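To start, the structure itself, in structure tokens.
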Amino acid sequence: MEWFAALFIRLAVMALLAGAAELLVPEGALRGAAATAVGIAFASAAAAQIMGIFDAWGV
């Protein structure tokens, strides 16, 4: 069960950092590109965290 708590905390922190990073970018086309890049990075990091959980379980 602590794996799920650790996963939730990691994903929550990543989401907060992604939102903060997007707010640092000025308005315009650059913000859209930055939002896309942050979204892709978040999805990749989330998948890596989930795969790490499954690897620890031996699945």
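Just so you know, all these numbers are worked out from the coordinates, no wet-lab data involved. Remember, it's a predicted structure, so these values are computed and weren't measured experimentally. Heads up, the Cβs are rebuilt from the backbone with ideal geometry, glycines too, and the neighbour counts pull from every protein chain shown.
Worth pointing out:
- For the range 18-30, taking the residues that are loosely packed, with under 14 Cβ neighbours inside 10 Å and either touching a Ser or Thr at 6+ places or on another chain (Cβ under 7 Å) or of a type in the set (A, V, I, L, M, F, W, C) (or both), the one that is farthest from Phe4 (Cα to Cα) is identified as Ala29.
- Filter pass, Ala12 being in a helix (DSSP H, G or I), without any contact (Cβ under 8 Å) to a residue 12 or more places away in the chain and not aromatic (Phe, Trp, Tyr): yes
- When we screen Ala33, Ala5 for residues that are more than 14 Å from the chain's Cα centre (by Cα), part of a helix (DSSP H, G or I) and exposed (fewer than 10 other Cβ atoms within 10 Å of the Cβ), the only hit is Ala5.
- Condition check for Val38: more than 25 Å from Trp3 (Cβ to Cβ) and not hydroxyl-bearing (Ser, Thr, Tyr): yes
- Those residues of the range 15-29 which are closer than 16 Å to Ala41 by Cβ and not in a loop (DSSP other than H, G, I, E, B), in sequence order: Ala15, Leu16, Leu17, Ala18, Gly19, Ala20, Ala21, Glu22, Leu23
Residue by residue, here is whether (1) among the aromatic types (Phe, Trp, Tyr); (2) on the phi > 0 side of the Ramachandran plot; (3) in contact with an Asp or Glu (Cβ under 8 Å, 6 or more places away or on another chain) holds:
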| site | (1), (2), (3) |
| --- | --- |
| Glu2 | no, no, no |
| Phe8 | yes, no, no |
| Leu17 | no, no, no |
| Gly28 | no, yes, no |
| Thr36 | no, no, no |
| Ala48 | no, no, no |
| Asp55 | no, no, no |
